[in-house]
1. For segment 152-203 and segment 361-390, write down the distance between their C-alpha centroids in whole Å.
2. Please report 305, 223 as a ranked list, fewest other C-beta atoms within 10 angstrom at the top and most at the bottom.
3. Sort 348-360, 106-118 by packing, meaning the average of other beta carbons within 10 Å per residue, with the highest value first.
4. Given the alpha-carbon gyration tensor of segment 93-236, what are the semi-axes of its equivalent ellipsoid in whole angstrom, ordered largest first, with each equal to the square root of 5 times an eigenvalue?
5. Net charge within 13 Å of residue 297 by Cβ-Cβ distance, Lys/Arg positive one each and Asp/Glu negative one each, not counting residue 297 itself?
6. In deg cm²/dmol and to the nearest 500, what is the mean residue ellipticity at 222 nm of the chain if only DSSP H runs of at least 4 residues count, each as -39500 (n - 2.57), divided by the residue total?
7. Using only the Cα atoms of the chain, what semi-axes does the equivalent ellipsoid have when each is the square root of 5 times a gyration tensor eigenvalue? Give whole Å, largest first.
8. Can you tally the net charge around residue 111? Count Lys and Arg as +1, Asp and Glu as -1, for every other residue whose Cβ sits under 13 Å from the Cβ of residue 111.
Amino acid sequence: MNQPRSIVPQFPESASTNQQILAALAEGTGGFTIFNTNDLFGGLQRIASEQNEFYLLGYVPPESAEGSCHTLKVKLNHGGTNVRARSGYCNARQPNILDGTPVEKQLEIRAQDAQGGGVHPSFQAPYFYTGPNLARVNLAMEIPQEMFKFDKDKGKYHSSLSVLGIAYREDGSVGAKFSDQVKLDLEKDEWKDFTKTAYHYQNQFDAVPGHYKMTVVLSAGNDAYGKSSWPLDVDAYDGKEFALGGIVMSNNAQRVEELATNADFDSVLLEDRTPLVVKGLQVVPAAVNRFKRNDKIILYSEIYDSLLTGEQPPRVVLGYKIQERASNKEVFFTGTVAADDFLQKGNPVVPIGMLVMAKDLNPGNYRLVLMAADAAGRKAPPRTVDFDLD
């Protein structure tokens, strides 16, 4: 993204080759490169020397907030030495942070509790394929602010909310699972603003095709807990057929170059999460598909067409229609739209983004139906998503 950052090295102006990207990776991690030489023995000798002729300097950094990043710079006042060090480090969020802890065991019991929790967060969970018969589920939730229990210390408000998600197969076994902790440290004014709206939470986890009962449990460490359950069906995908991913609707999107100037962007890059980006725009999934007619609503999805890797890829088209949910009456149709602007040569995955034309619709309850086809005569099974307009 070629923006100035403190930790992740800036890519060269032309980052079109593996060599340039590998050079940036080596520089940022304290390594070195061996490029453009037929002297294989000399390169191996240099690597061997590196394993035997070095001093290792280490230190214990002070505690820092989760997600914060810090630069590192090593200087020597002795000549004739070669210093290589990583450019910095981030206190990145750990995946499945509750794994094997007593908190996870307690939440697992809550997940199977037939009574349910006292608070039920709102959610959306579209998925997109990352390979044959493997999908990444993008979970977005609106967590009511009363789920957070705050303690005041030295003028700040602190809270920690544990999150556990389990996808149960039809036989009751666990098909997928994730865990997380939301830690908040707020000033008084920030805390006042926080208590006025729901907290927007996002996570991702992988799942194979199947029929699941998805359950998410939330707890702030007291007896009260929140819980939501819903059916999650992940369709099979062999990597060769023509298919569509899920549908994300959002009124929250930002240019990637603007995000890259954010001080927290280094830690975002280091998290094991894949942002939804189309034509340089990152789309943040909505947890509740309720919008105003004057909102700028964006639809995000992905088209999968294995024929796009061939020498003569077929033309791909798409479109969507909007129906009234109660009557199935069609109230809008985009017509056939060419996907040329979204294609990347040789890439079978096509991220797509379209504006949802809502300004001419009356307030009400609607269903959007997304369709796609290619010139080889293949049609993807349509995808649908419900939304409401105020």
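Read-outs throughout are calculated quantities, based only on the coordinates presented, and are distinct from any laboratory measurement. These numbers come from a predicted model, not from an experiment. For neighbour counting, all protein chains shown are included, and Cβ atoms are generated from backbone atoms with ideal geometry for every residue, glycine included.
1. Computed from Cα coordinates, the inter-centre distance equals 32 Å.
2. Numbers: 305 26, 223 6.
Ascending Cβ contact count within 10 Å gives the list 223, 305.
3. On the way: 348-360: 17.0, 106-118: 14.5.
Top to bottom by mean Cβ count within 10 Å: 348-360, 106-118.
4. On the way: eigenvalues 164, 52, 36 Å².
Square roots of five times the eigenvalues give 29, 16, 14 Å.
5. Values: positive: 290, 292, 293, 296, 359; negative: 295, 360, 388, 390.
Surrounding charge for residue 297 is +1.
6. So the helix-based figure for the chain works out to -3500 deg cm²/dmol.
7. Semi-axes (√(5λ), whole Å): 39, 32, 21.
8. Working: positive: 105, 110, 177, 213, 227; negative: 104, 108, 113.
So the surrounding residues net to +2.
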